[in-house]
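The structure appears below as structure tokens.
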């Protein structure tokens, strides 16, 4: 399959070594292309993955929780920030057939996988971009920004991801993220301090999914 050959050719450009999934150009010692099949919201997903991305062997519980519960209307413009190999963005694109999805990640290998996965899953309304947080988004606004943020990259980066999302949301827009329960107090403080309304979408196991809303009013209100 030509898509698989493309993944392997890309991988051969990287020497062996240590890596983090949020690195721009992760390195790895061995190339093992994996196929992942799953079902989310009644939609079958067929994905390819490989070393150098987050949860490359299966759809992780946090991503699944957000994918199953995020609010996406059929004509929404969606930004998937930190898309990795594309699970959230692909689901969002299928839920918004009359809208569009921009999928972004700082990991250059991950966005190649995401682009391949959009083709495998017949998603024609999604665009994959490389970027460092929001630097590849210029004069574009979205109904929602969705993200399973890179927790191990540190609180400061994740704080920027949350706060700077506001600059790219339409009035009434939502930031929808999932975070580990053990860190919920830190993330709730950031959300409540920067958004007009915050709601817990769902919780399961070790994760909580949130929706944080930007409204015309500057008054900050907690929604429980």
Being more than 15 Å from the chain's Cα centre (by Cα), closer than 25 Å to residue 98 by Cβ, outside any loop (DSSP other than H, G, I, E, B) and in contact (Cβ under 8 Å) with a residue 12 or more places away in the chain narrows it down to one of 212, 202, so name that one. 212
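When segment 176-197 is examined, which residues are found to be surrounded by fewer than 21 Cβ atoms within 10 Å (Cβ to Cβ), closer than 19 Å to residue 63 by Cα and without any contact (Cβ under 8 Å) to a residue 60 or more places away in the chain? Don't jump to the end; show me each part of the working.
Within segment 176-197, the first condition is being surrounded by fewer than 21 Cβ atoms within 10 Å (Cβ to Cβ), and the residues that meet it are 180-186, 188-190, 192-194, 196-197.
Filter once more, keeping what is closer than 19 Å to residue 63 by Cα: 180-184, 188.
Matches in segment 176-197: 181, 182, 183, 184, 188.
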Quickly run through segment 205-224 and pick out the residues that are in contact with a helix residue (DSSP H, G or I) (Cβ under 7 Å, 6 or more places away or on another chain) and modelled with pLDDT of 95 or more. 206, 207, 208, 209, 210, 212
State whether the residues of segment 57-80 include one that is more than 11 Å from the chain's Cα centre (by Cα), under 15 Å from residue 142 (Cα atoms) and without any contact (Cβ under 8 Å) to a residue 40 or more places away in the chain. yes
Search result, residues across segment 32-44 that are part of a strand (DSSP E or B) and either under 16 Å from residue 96 (Cα atoms) or free of Cβ contacts under 8 Å to residues at least 12 places away in the same chain (or both): 37, 39, 40, 43, 44
Exactly one of (1) surrounded by fewer than 22 Cβ atoms within 10 Å (Cβ to Cβ); (2) closer than 17 Å to residue 116 by Cβ; (3) touching a strand residue (DSSP E or B) at 6+ places or on another chain (Cβ under 7 Å) is unmet by residue 51. Its number? (3)
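The values are calculated or read from the model by the stated rules, or taken from the named source; none is laboratory data. Small disclaimer: the values here were computed from a predicted structure and weren't measured. FYI the Cβ positions are ideal-geometry reconstructions off the backbone, even for glycines, and counts take in every protein chain you see.
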